[in-house]
Amino acid sequence: MDNQIEVTTKQHQRSRLFSRELAMLMYGFGDTMPPLSESVDVLEDILIDYINDVCVQAAKVSGRKGKVGVDDFKFALRKDRKKLARVEELIASNKDIENARSLALLGSKD
């Protein structure tokens with residue numbers, strides 16, 4: 001399993017998925033614009049490691065092999081009340097958006 005994690009980390013280092021967003025966040029929190037690319041790279045590595053750790057924790061508690069659900073992530077984040085509250089807020093917002101879309105589709109068919 002460690003080899004698989006190393007491979008995905010190495011693949012990620014080439015793509016830099018969050019560099020632009022992290023640079024804007026760093027500027028918003030008082031860094032210079034543009035921030036040092038080394039600082040953004042370190043922060044992105046930390047972020048990717050955290051996301052990977054949470055996904056692994058969620059996969060460990062999942063009873064279904066190969067499938068991780070929202071409840072698994074909620075369980076993995078249960079000790080961090082702020083993050084858990086944010087997850088629940090995003091889930092509620094997503095439901096509101098889905099309801100609004102379905103109402104808009106129903107209204108446009110009439």
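The values are calculated or read from the model by the stated rules, or taken from the named source; none is laboratory data. On a predicted model such as this, the values are computed, not experimentally measured, just so you know. Reconstructed Cβ throughout: ideal geometry from the backbone, glycine too, with neighbour counts over all protein chains shown. The protein model used for the area step is the full one, side chains on, heavy atoms only, and it has no ligands, DNA or RNA in it. Shrake-Rupley method; radii C 1.70, N 1.55, O 1.52, S 1.80 Å.
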Within segment 9-110, pairs of Lys residues whose Cα atoms are less than 26 angstrom apart, provided they are eight or more positions apart or on distinct chains, add up to 21
Charge tally for neighbours of Gly63 with beta carbon under 11 Å away, counting Lys, Arg as +1 and Asp, Glu as -1, is +2
Rounded to a whole %, the carbon-and-sulfur portion of the accessible area of segment 28-106 at a 1.4 Å probe is 60
